[in-house]
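The values are calculated or read from the model by the stated rules, or taken from the named source; none is laboratory data. Quick caveat: nothing in here was measured; it's all calculated off a predicted structure. As a convention, Cβ positions derive from the backbone with ideal geometry for all residues, glycine included, and neighbour counts pool all protein chains shown.
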Amino acid sequence: MSFAERMLKIDRRIIFVVIGLCTLLPLLYPVGLPIKISSEVRGVYDYIEQMPERSVFLLSIDFDPASKPELYPQAVAILRHAFRKNLRVVTMTLWVSGTGMADQLVTQVAQEMGKERGKDYTFLGWSPGGTAVIINLGQDLYNTFPSDYAGKTTKGQPVLDGVQSLRDVSYAVSLAAGNPGVEAWYVFGKDKYKFELGGGCTGVIAPGLYPLLRSGQINGLIGGLRGAAEYEILIGQKGRAVAGMDAQSATHLAIIVLVALCNIFYFSMRRQARRQGERS
Amino acid sequence: MIFLRRQLPLLITMITGLVFAGQYYVPHPASEQVLTSATKWMQIIGGFALVLGVTSLFHVHAAKIRRKEAGWGYSVVLYAGMLGTIAVGFWANGKESVEGVSTAFGWVYNFMMVPLQGTMFAILAFFIASAAYRSFRARSREAAVLLIAAVIVMMGRVPLGEYLIPMSGDLSQWILNVLNASVRRAILIGVSLGTVALSLKIIFGVERSYLGGGKE
Amino acid sequence: MLKKPPSVFLASFRSSTYRAYWRQSTHPLASDRSERFERSSVCTSLALHSLRPCRRIFLNFLLLIVVYGVSSTIVLAEDQLAQPAQVQVFDTPNDGGKSLTVVWAAGSQDREDVRYEIWFGEVGDSIEAGPLKVIAEFPSASHYVRESKHGWWTRVGALTDHRFIVRDGKGIELKDGVRYQVAVASVRGTERLMGPKIIATPQPNWFNWNAVNNLVLAVLFGGLVFYSISQAKKKEIFLRRIPGLDAVDEAIGRATELGKPILYLTGAHDMSDPSTIAAAVILGRVAKRTASYETELMVPHRDPITMAVCQEITKQAYLEAGKPDLFKEDSNFFITSDQFSYTAAVDGIMLRKKPAANFFMGAYFAESLLLTETGASTGAIQIAGTDSDHQLPFFVTTCDYTLIGEELYAASAYLSREPVQMGTLRGQDLGKAVLLTAIGVGTVLATIGGIFHAEWPQLLLELFKDVK
């Protein structure tokens, strides 16, 4: 077996170690490279920025702990922005396994920004039905969520004053790791009940949502950790996402180097085979 | 019997299929109400269906333990984990925290589920790297084009890439916004037509194999 | 009523044709006002700097006064704030009720400094009884009928007219069957001119004519599919090779030779998703082959209802293959609906049981690569079929064969060769041809419309507009 062949059949655990080191080292020794703001992230930021005070902003935290590293920083940055703009923030989740995490997240950011539950924000929790919940919310919010996650009756909460259904929401953002997520919020929500919609998602599914963005079905898209880092820069509060960008840079570079190496070995192997063929 | 197994389900499918296809064109609140009721029915049926699933799960793993199949110990762990979590969940009334204090259920959620799920998702990065190393080769011109596009997007999506090759950011945006979006739309058109055709076949009873194969 | 300066009253006696004449007489590229002021200044300079007899000076001076007076009158006429004209208020057509539409003609005053206000209130015992309040205010050069997404067949008012929709919610309460009065006001600074109060009643509608193009296209496509099915029953239809499906037999054969099981996944969605239905249909064909080859089949599920349906399908397949005794009730089993717990369990099955062939059909998300990469490490033949376009790169990289997009739906036709299935495929292809033609023709029409500023291409283009 030639060197190139051996290298191509390398134990994948070696690759795992390389990726592990590329993630760990930049986290321990950050470099802090500049991050450029993309138009799709700015779309969400600008919309929230121009919303009048006490407008109703709905944040659907449609992910579970598995996607926490990518979507949690997005949620924190958006919540900080919304609270800073004094919007009425209504939060919920369509993913049952994300309920506890979402509650902690919303409570933590609200406390940090000095906001009061029931007056400035609420966390409605989770209701069974997936996409059906969006349809039900479009009909009547109080029927879908008679009480919030803390068990308090939703009707009469100052944060929901004048809000009867999704039609009364000024802007909604779904931070999604899959289905139900941004697409479901468009098909069953925005399309039927006419409110502006933005999206946030994991890096893996972001390219799949670009057609929605291009056709104006969503007005902005925060994609993966990079999107979260851009949002953190926009609001001027660098957090976990900006810190993680160096690690992401290093892993991307490592993968590019690995792909380049594998191609070098592949072509050298092909040349060897051709030479052997010519000799015989 | 054949009526209950064949004709009745087909009839229900046809009626509900046509009603809900028509519902899309009726903006009246009564039509919205029908949709809301149907979604609630779906939720209820979905809830009962979970019983089916859990029964299947218990049955499969009970058989494994009984037969002492290879890896039957994992089935015991599954039983313990499932029953334990249900018990803790009932005890904590399904709440992860009460007035800011974490419950036992919250402990299970925060210190078992969150890290385990995070670990599973994190493995993705390692697997992407190994899969790319193993199979991302410029075997043909088309593969070479894909490879170059992938490298540009990978460079353009991280600050280091933009720092080393400043135009990679704009190029990757262009690839994502123009090339990627148009190709995805093309796939989406095909998929949507397939979906509509399949739905029509199901509604009109032309496609019946989902009821259990067989023609009649 | 707000007080107006006398000059405005004076100007208001001029006929509209007089104003129009003056506007037409100016240079098309010059704005009315600047052109006039420029001309007067030239006259002034000529009059003051030429050394001519007094009479000439006097006449020039007189001319100057006349020109200045006329141009001032015109400027004032254009500065005049007019009340909104041709105001119509009616129930918003084709909607679920609780909404009124206000349409009024665009005026010459639609400039930056002029705004429109929408006044709204309930109707009491008499029209005057109900108090009106401002519910919206916006610049006069906005809210046009042309901005609405409606097609020409449901549009009310001219494209240049203004349009505003009063909807229930966001601080406004509208009930169906209740009479409301609406008025439009023109506002400039502190000056306000109210239009007439018009009464209208919101009502829900039973059919959305906006979406009638959608219905027609759906019916046409349905007709095309059923026509193709009837044609397929009469003559054979060519179907191109799908390598991924040719490999199904190879994969099952390999598993039989090695004496190893086959793993079949139906995806992340439930039975309401067409991709899951397609996956279940293909499972029937695969199960029939595994039954005849007497190979073990494992189908772990994420959804209990899908599991129950697939159990039935598998049972039927074993019956049809003449091997009902080989059917195992627990070949279809439920694991969990949680994404990564399911993935971990299936990865475990792959590593322990080492299936010879893995089938990934249906919808997938981030778990796709975790599943297929583990499968690849065990050396199994892997065949994927998904309409989850975002996961296609992972499947293409790690699987031996991948069915892309609608190939998943074509699979059951390919495997069964039944006329009904083949006809459906032909119908889909015809539908695609129609869409491609529409895209091509639409692009040409839109370009023509853009170049020649013609409106007629819009009439055709709007037929394909997605209006809800």
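The table below gives the values:
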{"read-out": "Restricting the range A:26-44 to residues that are at pLDDT 95 or above and of a type in the set (A, V, I, L, M, F, W, C), the residue that is nearest to A:Thr251 (Cα to Cα)", "value": "A:Val41"}
{"read-out": "Evaluation of C:Arg426 against (1) surrounded by fewer than 17 Cβ atoms within 10 Å (Cβ to Cβ); (2) of a type outside the set (Phe, Trp, Tyr); (3) not assigned by TED's automatic domain parsing to the domain that holds C:Thr306 (one fails), failing number", "value": "(1)"}
{"read-out": "Pick from the range C:392-404, criterion surrounded by fewer than 24 Cβ atoms within 10 Å (Cβ to Cβ) and within 13 Å of chain A (Cβ to nearest Cβ), ranking: nearest to C:Thr372 (Cα to Cα)", "value": "C:Thr397"}
{"read-out": "Any hit, the range C:77-85, residues being more than 14 Å from every other protein chain (Cβ to nearest Cβ), of a type in the set (S, T, N, Q) and more than 18 Å from C:Arg146 (Cβ to Cβ)", "value": "yes"}
{"read-out": "Which listed residue, of A:Gly162, A:Gly100, A:Gly151, is surrounded by fewer than 21 Cβ atoms within 10 Å (Cβ to Cβ), within 11 Å of chain B (Cβ to nearest Cβ) and over 25 Å from B:Val34 (Cβ atoms)", "value": "A:Gly151"}
{"read-out": "Subset of the range A:69-96 that is surrounded by 24 or more Cβ atoms within 10 Å (Cβ to Cβ) and charged (D, E, K, R) - its residue that is nearest to the other protein chains (Cβ to nearest Cβ)", "value": "A:Glu70"}
{"read-out": "Leading residue by the ranking (surrounded by the fewest Cβ atoms within 10 Å (Cβ to Cβ)) among those in the range C:298-353 that are among the aliphatic types (A, V, I, L, M) and touching an Asp or Glu at 6+ places or on another chain (Cβ under 8 Å)", "value": "C:Leu326"}
{"read-out": "B:Leu171 vs. criteria touching a residue at least 60 places away in the same chain (Cβ under 8 Å) and farther than 30 Å from C:Leu435 by Cβ", "value": "no"}
{"read-out": "Residue count for the range C:189-231, restricted to those that are at pLDDT 90 or above, assigned to a loop (DSSP other than H, G, I, E, B) and not polar (S, T, N, Q)", "value": "7"}
{"read-out": "Test for B:Leu57: is it within 11 Å of chain C (Cβ to nearest Cβ), touching a Leu at 6+ places or on another chain (Cβ under 9 Å) and surrounded by 11 or more Cβ atoms within 10 Å (Cβ to Cβ)", "value": "yes"}
{"read-out": "Filter result for C:Ala278 (in a helix (DSSP H, G or I) and either within 8 Å of another protein chain (Cβ to nearest Cβ) or not aromatic (Phe, Trp, Tyr) (or both))", "value": "yes"}
{"read-out": "Flag for C:Val123 being modelled with pLDDT under 90 and of a type in the set (A, V, I, L, M)", "value": "yes"}
{"read-out": "Residue within the range B:31-43 that is of a type in the set (Lys, Arg) and without any contact (Cβ under 8 Å) to a residue 40 or more places away in the chain present", "value": "yes"}
{"read-out": "Tally of residues being modelled with pLDDT under 85 and either surrounded by 13 or more Cβ atoms within 10 Å (Cβ to Cβ) or out of contact with any Asp or Glu (no Cβ under 9 Å at 6 or more places or on another chain) (or both) across the range C:130-146", "value": "1"}
{"read-out": "Single residue of C:Leu193, C:Leu245, C:Leu239, C:Leu217 found to be within 11 Å of another protein chain (Cβ to nearest Cβ) and either in contact with a Ser or Thr (Cβ under 6 Å, 6 or more places away or on another chain) or over 30 Å from C:Ser108 (Cβ atoms) (or both)", "value": "C:Leu217"}
{"read-out": "Residue check for B:Val145: in contact with a helix residue (DSSP H, G or I) (Cβ under 8 Å, 6 or more places away or on another chain) and among the β-branched types (Val, Ile, Thr)", "value": "no"}
{"read-out": "In the range C:293-345, the residues that are of a type in the set (A, V, I, L, M, F, W, C), more than 8 Å from chain B (Cβ to nearest Cβ) and not in a loop (DSSP other than H, G, I, E, B)", "value": "C:Leu297, C:Met298, C:Val299, C:Cys310, C:Leu326, C:Ala345"}
{"read-out": "Some residue of the range B:26-41 being of a type in the set (Val, Ile, Thr) and within 11 Å of chain C (Cβ to nearest Cβ)", "value": "yes"}
{"read-out": "Unique residue being of a type in the set (Gly, Ala, Ser), in a loop (DSSP other than H, G, I, E, B) and within 14 Å of chain B (Cβ to nearest Cβ) when the list is C:Gly107, C:Gly124, C:Gly151, C:Gly177", "value": "C:Gly177"}
{"read-out": "Check on A:Ala66, within 12 Å of another protein chain (Cβ to nearest Cβ), within 21 Å of the chain's Cα centre (by Cα) and hydrophobic (A, V, I, L, M, F, W, C)", "value": "yes"}
{"read-out": "Only listed residue being over 20 Å from C:Gln88 (Cβ atoms) and surrounded by fewer than 18 Cβ atoms within 10 Å (Cβ to Cβ), chosen from C:Gly267, C:Gly253", "value": "C:Gly253"}
{"read-out": "Among the candidates B:Ala104, B:Ala129, B:Ala144, B:Ala150, residue that is within 24 Å of the chain's Cα centre (by Cα) and not assigned by TED's automatic domain parsing to the domain that holds B:His61", "value": "B:Ala129"}
{"read-out": "The range A:106-116, residues that are touching a strand residue (DSSP E or B) at 6+ places or on another chain (Cβ under 7 Å) and either within 13 Å of chain B (Cβ to nearest Cβ) or under 11 Å from B:Glu96 (Cα atoms) (or both)", "value": "A:Val106, A:Ala110"}
{"read-out": "Residue check, A:Leu221 aliphatic (A, V, I, L, M) and surrounded by 22 or more Cβ atoms within 10 Å (Cβ to Cβ)", "value": "yes"}
{"read-out": "So B:Leu160, is it more than 26 Å from the chain's Cα centre (by Cα) and not acidic (Asp, Glu)", "value": "yes"}
{"read-out": "Search result, residues across the range A:124-148 that are away from chain B (no Cβ under 12 Å) and either surrounded by fewer than 15 Cβ atoms within 10 Å (Cβ to Cβ) or within 30 Å of C:Ala268 (Cβ to Cβ) (or both)", "value": "A:Leu124, A:Leu141, A:Phe145, A:Pro146, A:Ser147, A:Asp148"}
{"read-out": "C:Lys235 being charged (D, E, K, R) and under 28 Å from C:Ala433 (Cα atoms)", "value": "yes"}
{"read-out": "Residue match in the range B:67-85 (condition: under 30 Å from A:Arg12 (Cα atoms), among the aliphatic types (A, V, I, L, M), within 11 Å of chain C (Cβ to nearest Cβ) and surrounded by 14 or more Cβ atoms within 10 Å (Cβ to Cβ))", "value": "yes"}
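Every residue, every condition in (1) touching a Ser or Thr at 6+ places or on another chain (Cβ under 7 Å); (2) farther than 10 Å from A:Gly138 by Cβ, yes or no:
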{"position": "A:Thr153", "(1), (2)": "yes, yes"}
{"position": "A:Pro158", "(1), (2)": "no, yes"}
{"position": "A:Asp161", "(1), (2)": "no, yes"}
{"position": "A:Gln164", "(1), (2)": "no, yes"}
{"position": "A:Arg167", "(1), (2)": "no, no"}
{"position": "A:Ser170", "(1), (2)": "yes, yes"}
{"position": "A:Ser174", "(1), (2)": "yes, yes"}
{"position": "A:Asn179", "(1), (2)": "no, yes"}
{"position": "A:Tyr186", "(1), (2)": "no, yes"}
